[in-house]
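Read the structure below first, then the notes.
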Amino acid sequence: MNRRTLVRRPSPRLAEGLVTHITRSPVDPVLALAQWEGYVAALEAEGWETVEVAPQDDCPDVAFVEDTVVVYGDLAVIARPGADERKPETAGTEAALVELGYRIARIEAPGTLDGGDVLKHDGTVWVGLGGRTNPAGVEQLATLLAPLGATVLGVPLTRVLHLKSAVTALPDGTVIGHEPLVDDPTVWESFLPVPEEPGAHVVLLDAETVLMSTNAPRSRALFEERGLRVVAVDIGEFEKLEGCVTCLSVRLRG
């Protein structure tokens, strides 16, 4: 199996990025770039080839490349971000995926959809509703993914920016989340509460390995007790902008 992931270099204007559910705090763009380079190096050390989408320095949030696309099989569904400031980010992602040979579809107006609202596991696709993604965007995604065998389900979202700001999934499909930020944990048949907000976010590297933030040591211990190997990275500057480890890449398998 090929293991590639899209990444995108942070803008020098990163500190101007959008915040919605947290208080703005100062962001150091130089430190953020070093953290991003460490994140990319960690992916590569685990055997993932990183494909860098062309930089777009005029877009402060451009490093959060996950929001620009939903990839399912050989289909890349180009997002239509719910924040107008982020709509220009999608063109570069689309160009990169065309070059890699993906089929392209797009979310069209009046639909909006951010990739960070989309959690996929074993044929089910949960989509956060209530923030950047609207019902029309969910309906379009469901129509596009149905021929590929996916079931798309809308999930209520009021407490965080994106669904994957609240929950992600472990390799065995267990959904993890920090309960104060999860609207309805009963949506998922198997839900594991974690003790720290950054502990709710993991990137699956293989069937036994997850990438997560260094800012969740108790959650890390919980995952290691379950037999997982953890790769931890410092992304503190991005966390100040409601970012997490999932936001900074789009994994491509095939």
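The values are calculated or read from the model by the stated rules, or taken from the named source; none is laboratory data. This is a predicted model, so every value here is computed, not measured. When we count neighbours, we look across all protein chains shown, and the Cβ atoms used for this are built from the backbone with ideal geometry, even at glycine. Side chains included, ligands, DNA and RNA excluded: accessible areas come from the protein's heavy atoms. Shrake-Rupley method; radii C 1.70, N 1.55, O 1.52, S 1.80 Å.
What to note about this one:
- Meets criteria (open to solvent by less than 40 Å² (accessible area, probe 1.4 Å), part of a helix (DSSP H, G or I) and under 22 Å from P10 (Cβ atoms)) for F238: yes
- Among the residues of the range 108-123, the ones that are over 14 Å from the mean Cα position of the chain (by Cα) and of a type in the set (G, A, S) come to 3 in all.
- Looking only at the range 38-62, and only at residues there that are over 12 Å from L14 (Cα atoms) and part of a loop (DSSP other than H, G, I, E, B), the one that is most open to solvent (accessible area, probe 1.4 Å): P55
- Scope the range 6-40; condition closer than 18 Å to E66 by Cα, modelled with pLDDT of 95 or more and out of contact with any helix residue (DSSP H, G or I) (no Cβ under 6 Å at 6 or more places or on another chain); matching residues: R9, S11, G17, L33, W36, E37, G38, Y39, V40
- Residue in the range 161-176 that is under 19 Å from M212 (Cβ atoms), out of contact with any strand residue (DSSP E or B) (no Cβ under 7 Å at 6 or more places or on another chain) and open to solvent by 50 Å² or more (accessible area, probe 1.4 Å) present: yes
- Long-range neighbours under 6 Å by Cβ, at least six apart or interchain, first residue under 28 Å from E239 (Cα atoms) and in contact (Cβ under 8 Å) with a residue 12 or more places away in the chain within the range 138-162, second open to solvent by 30 Å² or more (accessible area, probe 1.4 Å) and polar (S, T, N, Q): L161/T20
- Summed over the range 238-254, the residues that are more than 16 Å from the chain's Cα centre (by Cα) and within 29 Å of T20 (Cα to Cα) give a count of 0.
- Summed over the range 202-215, residues that are open to solvent by 10 Å² or more (accessible area, probe 1.4 Å) and closer than 15 Å to S165 by Cα total 1.
- Restricting attention to the range 1-35 and to residues that are assigned to a strand (DSSP E or B) and either in contact with a strand residue (DSSP E or B) (Cβ under 6 Å, 6 or more places away or on another chain) or open to solvent by 70 Å² or more (accessible area, probe 1.4 Å) (or both), the residue that is farthest from S165 (Cα to Cα) turns out to be R4.
- Strands (runs of 3 or more DSSP E) lying entirely in the range 81-199 (those with 2 or more residues that are modelled with pLDDT of 95 or more and under 29 Å from E49 (Cβ atoms)): 103-106, 118-121, 124-129, 167-169, 175-177
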